[in-house]
1. Looking at (1) open to solvent by 40 Å² or more (accessible area, probe 1.4 Å); (2) modelled with pLDDT of 90 or more; (3) not in a helix (DSSP H, G or I), find the lone condition where E57 falls short.
2. Inside the stretch 7-19, can you point out the residues that are surrounded by 13 or more Cβ atoms within 10 Å (Cβ to Cβ), assigned to a helix (DSSP H, G or I) and at pLDDT below 90?
3. Test A79 against the criterion of being small (G, A, S), without any contact (Cβ under 8 Å) to a residue 12 or more places away in the chain, open to solvent by less than 60 Å² (accessible area, probe 1.4 Å) and touching a strand residue (DSSP E or B) at 6+ places or on another chain (Cβ under 8 Å), and give yes or no.
4. Quick one: S86 ticks every box in (1) under 23 Å from P11 (Cα atoms); (2) among the polar types (S, T, N, Q); (3) open to solvent by 40 Å² or more (accessible area, probe 1.4 Å); (4) in contact with a Leu (Cβ under 9 Å, 6 or more places away or on another chain) bar one, so which box is it?
5. Where the second residue is among the polar types (S, T, N, Q) and open to solvent by less than 20 Å² (accessible area, probe 1.4 Å) and the first is in contact (Cβ under 8 Å) with a residue 24 or more places away in the chain and lies in the stretch 22-48, which pairs have Cβ atoms under 7 Å and are six or more apart or on separate chains?
6. Has the stretch 37-45 got any residue that is under 11 Å from the mean Cα position of the chain (by Cα) and either under 24 Å from S9 (Cα atoms) or of a type in the set (D, E) (or both)?
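The values are calculated or read from the model by the stated rules, or taken from the named source; none is laboratory data. All values derive from a computational prediction rather than experimental measurement. Cβ placement follows ideal geometry from the backbone for every residue including glycine, while neighbour counts extend to all protein chains displayed. These accessible areas exclude ligands, DNA and RNA; they are computed on the full protein's heavy atoms, side chains included. Shrake-Rupley method; radii C 1.70, N 1.55, O 1.52, S 1.80 Å.
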Amino acid sequence: METVAPPRSYPEWRTGQSDRLEDAAYLFGYYLMLHCRDEAMATLPAGASPEVKAAVESAVDTALHNVCDLLEGFWRLQAGPNHTISLALGVQVRDAQNQVLETQVISPCKLDLPIGYWKWAQEREFR
């Protein structure tokens, strides 16, 4: 698989804090598409019918949308009778020496991750 440059590189991130959260989440969505959705769709046999392709695409979208819902805190997740958990997602930017330059915690409840997922799923042409 060829390496493709992300749509918005770190030097292009906007300066406002909420904008930086969105820019970090944007790259999360991009890589969710590239490494999860695209890879899952690539497993379909070359001769698969359009109906099968559509059914698989729908199943993949549902699964990844639910991952975003989990990260966003949409469902109450029990950790026993008296405890709950939330799943956190942080985006770290690292330099060429692997040093962390910035961390943006984009979930839970920082952004509407499922909307970002559907933006990528519906607007991007897949390989």
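1. The single condition E57 does not satisfy is (3).
2. Those that are surrounded by 13 or more Cβ atoms within 10 Å (Cβ to Cβ), assigned to a helix (DSSP H, G or I) and at pLDDT below 90: none in the stretch 7-19.
3. So A79 fits the description; yes.
4. Unmet for S86, out of (1) under 23 Å from P11 (Cα atoms); (2) among the polar types (S, T, N, Q); (3) open to solvent by 40 Å² or more (accessible area, probe 1.4 Å); (4) in contact with a Leu (Cβ under 9 Å, 6 or more places away or on another chain): (1).
5. That search, which allows pairs on different chains as well, returns A24/Q104.
6. yes
Residues are listed down the side, and each one gets a yes or a no for (1) assigned to a helix (DSSP H, G or I); (2) of a type in the set (D, E); (3) open to solvent by less than 40 Å² (accessible area, probe 1.4 Å):
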| position | (1), (2), (3) |
| --- | --- |
| D23 | yes, yes, yes |
| F28 | yes, no, no |
| Y31 | yes, no, no |
| D38 | yes, yes, yes |
| L44 | no, no, yes |
| G47 | no, no, no |
| E51 | yes, yes, no |
| D61 | yes, yes, yes |
